[in-house]
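Asker: I am attaching a structure below and will ask some questions about it afterwards.
FYI, it's all coordinate maths here, none of it is from the lab. It should be emphasised that the depicted structure is a prediction, and the values quoted were computed from it without experimental measurement. Glycine also receives a Cβ, built like all others from the backbone with ideal geometry; neighbour counts cover every protein chain displayed.
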Amino acid sequence: MTPEPNEYGAVVYDLDGTLVRLAVDWDAAASDAVAAFADAGVDAADADLWSLFETAPEYGLGAELEAILADHERRGAEDATRLPHADRVPEWPVPVGVCSLNAESACRLALDRHDLLGHVDAVVGRDSVATHKPDPEPLLTTIDRLGADPSSSLFVGDSERDAVTAERAGVAFEWVDG
């Protein structure tokens, strides 16, 4: 279902899988993350990338892991593919934001690459606030930066994590179709 342009006071999009598809080599990112753990004397060879990111602060590797992921995401943003929902961004007569689990700098690069950055009034990435989706803080921060109210905002995303984030924030949610 496509909402009417005047139905909401603000619209917030997830980035990767919703507006663009980042061309991130996640295997290389995971390999670099495992190497960082190994350099710190921690065997993490069997862990997945998200688990490594979640546990990195326990080993004093939070900033290093964030830098590794952000670097891979920025490189992936340079070759990001534009998705159909991106065409709707300039059409909204209300403030538009992006709330992503990717690094803010990668979000901005991908948006700029596809001439969307000028149509987006707020960008909140994984590294913009202290928590990340599905915690509602990133979405609520994005909406606050847009000067909008959560009860009149819409979050558009492509994952269960996005849907849970919207529910926790008290924000309407729309799944990306197709």
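Asker: Non-local amide H neighbours of V124 (under 5 Å, H modeled in plane, Pro and chain starts lacking H): which ones?
Answerer: Placed amide hydrogens put V98, C99, S100 under 5 Å from V124.
Asker: Once the dipole of the chain is set up with Lys and Arg at +1 and Asp and Glu at -1 on Cβ about the Cα centre, which of V11, W26, V156 lies farthest towards its positive end?
Answerer: Working it through, the farthest residue towards the positive pole turns out to be V11.
Asker: I've got another one for you. In deg cm²/dmol and to the nearest 500, what is the mean residue ellipticity at 222 nm of the chain if only DSSP H runs of at least 4 residues count, each as -39500 (n - 2.57), divided by the residue total?
Answerer: Details: 6 runs with 67 residues, N = 178.
-11500 deg cm²/dmol, from helical runs alone.
Asker: Turning to a different aspect of this structure: What ranking, highest mean first, results for peptides 113-119, 43-49, 97-103, 73-79 when packing means the other Cβ atoms within 10 Å averaged over each residue?
Answerer: The densest-packed peptide leads the list: 97-103, 73-79, 113-119, 43-49.
Asker: Let me ask another. If amide hydrogens are placed 1.01 Å from N in the peptide plane, which non-local residues have theirs closer than 5 Å to the one on A172?
Answerer: S153, F155
Asker: On to the next question. How would you rank 131-138, 145-152, highest first, on the average number of other Cβ atoms within 10 Å across their residues?
Answerer: Details: 131-138: 18.8, 145-152: 16.1.
Highest to lowest by the protection proxy: 131-138, 145-152.
Asker: Report, by chain and number, residues whose modeled amide H sits under 5 Å from the one on A10, excluding near sequence neighbours (fewer than 5 apart, same chain).
Answerer: The answer is L154.
Asker: Also: Charges on Cβ only, +1 for Lys and Arg, -1 for Asp and Glu, centred on the Cα centroid of the chain; of P134, A56, A38, which one is farthest towards the dipole's positive end?
Answerer: The Cα lying farthest towards the positive end belongs to P134.
Asker: Out of all DSSP beta bridges in the chain, what portion is antiparallel? Express it as a percent rounded to 5.
Answerer: Just about 10 percent of them are antiparallel.
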